[in-house]
1. Can you name the residue in the range 75-105 that is outside any strand (DSSP E or B) and either touching a His at 6+ places or on another chain (Cβ under 7 Å) or under 21 Å from P41 (Cα atoms) (or both) and, of all such residues, is most open to solvent (accessible area, probe 1.4 Å)?
2. Looking at K322, is it out of contact with any His (no Cβ under 8 Å at 6 or more places or on another chain) and at pLDDT 95 or above?
3. Among residues belonging to the range 44-54 that are farther than 17 Å from Y120 by Cβ and assigned to a strand (DSSP E or B), point out the one that is modelled with the highest pLDDT.
4. Restricting the search to the range 214-244, which residues are farther than 21 Å from P154 by Cα and at pLDDT below 95?
5. In the range 3-15, what residues are open to solvent by 20 Å² or more (accessible area, probe 1.4 Å) and not basic (K, R)?
6. For the structure I just gave you, tell me whether N319 is open to solvent by 10 Å² or more (accessible area, probe 1.4 Å) and either free of Cβ contacts under 8 Å to residues at least 12 places away in the same chain or polar (S, T, N, Q) (or both).
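The values are calculated or read from the model by the stated rules, or taken from the named source; none is laboratory data. All of these numbers come straight from a predicted model, not from anything done at the bench. Because the Cβ atoms are built from the backbone with ideal geometry, glycine has one as well, and the counts that use them run over all protein chains shown. When the accessible area is computed, the model is the full protein with side chains, heavy atoms only, and any ligands, DNA or RNA have been set aside. Shrake-Rupley method; radii C 1.70, N 1.55, O 1.52, S 1.80 Å.
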Amino acid sequence: MFRCLYANAEGELLDHPGLTMLGRSGMDWVEPEAAEMIPLPQGASLVSIPGRAPAGVDEGGCAALAADPFIPDREATAVAALLPQGFTRTLYPAYTSMDRAIALPLLGYAAIGLKNERIYVAAVQTDAHRQWHPRYFNTEGLPRRVDKLKRRMPDNGIVRQLAHCSLQYGCFTAQNIFYGRWEGGIPVSRSCNADCIGCISEDHPEVAAPQQRLKTAPTADEVAELGLWHLQNARDPIISFGQGCEGEPALQAPLLAAAIRRIRERCDRGTINMNTNAGYTKGIKALCDAGIDSLRISMFSAREQYYDYYHRPRDYGLNDVKHSLDYARRRGIKLALNLLLFPGFQDRPAETAALIKLMRDHDIGMLQLRNLNIDPDRLFAGIDNDEAAQGVTTFLCAVQEALPEVEIGNYSRPAPLREGKAPHHPQAKEEL
């Protein structure tokens with residue numbers, strides 16, 4: 001049993017003396033199982049959920065908690081955890097709305113409870129935590145590193161954009177460019193060919209996006225300059241197109257293809273990756289031909305009905321995505337699926353089966369899990385409640401059992417050497 005937690009009017013975190021914890025799966029409140037809960041990991045943060053009262057279970061069944069039990073005339077507020085990278089949410093918090101006029105921010109709320117005086121969260125660890133631990137980011141020396149690279153590339157607009165993303169949004173992939181390590185993001189596209197319900201870079205009628213889109217498209221010279229710098233000098237380098245502050249990078253295929261060719265003429269080190277919806281097949285083909293190493297394809301559902309519902313594609317459909325996957329596979333590109341996971345949806349049997357079939361049919365080597373940041377009332381407004389969910393842990397076991405060769409995790413991996421590509425050679429490094 002996990003005790004229900006809430007925040008009082010002063011913002012203090014308290015446990016309710018008469019209620020046990022509930023979580024939410026799809027449209028249903030459920031009691032968590034032990035396999036769905038882990039001790040709150042390092043790097044997680046606790047937050048209140050505005051305008052929502054927590055729900056718990058008393059001896060008579062479910063009960064909504066609308067007031068602080070110690071000061072009955074004061075409201076209690078639902079609370080949640082925001083997980084660090086490497087952890088996948090298994091349940092959303094259970095609550096009722098005190099004020100529906102308050103729109104929820106686009107955050108990845110995870111249910112929490114108290115057991116043996118320790119906070120637990122509805123999550124499982126699905127990847128190594130080290131490289132993306134918050135302690136390695138937003139360090140005291142980051143502004144100095146940002147200034148140094150800006151001085152080195154004073155005319156590069158991407159560097160200015162990444163400086164903003166690093167210092168204002170706290171974006172880890174942007175910061176990696178300045179830290180000179182791992183996966184570094186290079187945004188390139190102002191526009192998109194989808195209008196996803198949970199887009200984090202376009203404002204929604206009810207809630208503002210947490211970050212704004214790239215305002216000026218870069219040049220191929222700017223992309224090549226920064227990409228070459230990172231691949232030559234960074235530790236375990238990956239450059240990735242398709243970040244949270246941009247649209248669909250494949251729409252910039254001519255620019256990116258030219259930049260990739262220039263980079264590979266001078267450097268065979270590291271991985272060139274693109275995060276994409278893969279709907280613009282012509283652009284995907286051009287980038288595969290130019291020498292891109294890996295693609296990570298974002299997807300909410302492998303069934304056309306719900307793919308269209310969430311992504312709201314413009315001028316493409318799920319079949320176009322499949323054509324892109326097939327072409328990339330024939331070219332030897334490493335493929336990963338970026339699953340926008342929400343408890344109570346992908347763990348429905350029909351959704352799980354469709355996802356497994358798509359991954360098997362198109363030889364996708366990795367399933368990357370992303371906690372979808374969205375108000376569930378908004379998400380499930382257009383989803384039929386006609387099938388019981390099996391639970392996120394059951395879903396993960398089903399995928400691994402059906403596709404034992406598929407890697408399940410959260411982060412992009414370096415791509416293996418493809419036929420015809422020279423081995424990577426160490427390059428001289430220059431400290432920022």
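1. Here is the first cut: in the range 75-105, the residues outside any strand (DSSP E or B) are 75-76, 78, 83-86, 90-91, 94, 98-105.
Adding the requirement that they be either touching a His at 6+ places or on another chain (Cβ under 7 Å) or under 21 Å from P41 (Cα atoms) (or both) leaves 78, 83-86, 90-91, 94.
Values: A78: 2, L83: 35, P84: 11, Q85: 75, G86: 1, T90: 3, L91: 4, A94: 6 Å².
Ranking the candidates gives Q85 first.
2. Working: out of contact with any His (no Cβ under 8 Å at 6 or more places or on another chain): no; at pLDDT 95 or above: yes.
So K322 does not fit the description; no.
3. Within the range 44-54, the first condition is being farther than 17 Å from Y120 by Cβ, and the residues that meet it are 48-53.
Checking the rest, the ones that are also assigned to a strand (DSSP E or B) come to 48, 52-53.
Numbers: S48: 96, R52: 92, A53: 89.
Looking at residues that are farther than 17 Å from Y120 by Cβ and assigned to a strand (DSSP E or B), I get S48.
4. R235, D236, G242, Q243, G244
5. Of the residues in the range 3-15, the ones open to solvent by 20 Å² or more (accessible area, probe 1.4 Å) are 3, 9-15.
Those that are open to solvent by 20 Å² or more (accessible area, probe 1.4 Å) and not basic (K, R): A9, E10, G11, E12, L13, L14, D15.
6. Working: open to solvent by 10 Å² or more (accessible area, probe 1.4 Å): yes; either free of Cβ contacts under 8 Å to residues at least 12 places away in the same chain or polar (S, T, N, Q) (or both): yes.
The answer is yes for N319.
Let's see how each residue does on (1) open to solvent by less than 10 Å² (accessible area, probe 1.4 Å); (2) closer than 15 Å to P249 by Cβ; (3) modelled with pLDDT under 95; (4) among the aromatic types (F, W, Y):
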| site | (1), (2), (3), (4) |
| --- | --- |
| P154 | no, no, no, no |
| V159 | yes, no, no, no |
| H164 | no, no, yes, no |
| Y169 | no, no, yes, yes |
| F172 | no, no, yes, yes |
| R181 | no, no, no, no |
| G184 | yes, yes, no, no |
| P187 | yes, yes, yes, no |
| R190 | no, yes, yes, no |
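Listed here are the residues, each with its yes/no results for (1) at pLDDT below 90; (2) among the aliphatic types (A, V, I, L, M).
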residue	(1), (2)
G56	no, no
G61	yes, no
D68	yes, no
P72	yes, no
M98	yes, yes
I102	yes, yes
I112	no, yes
F137	no, no
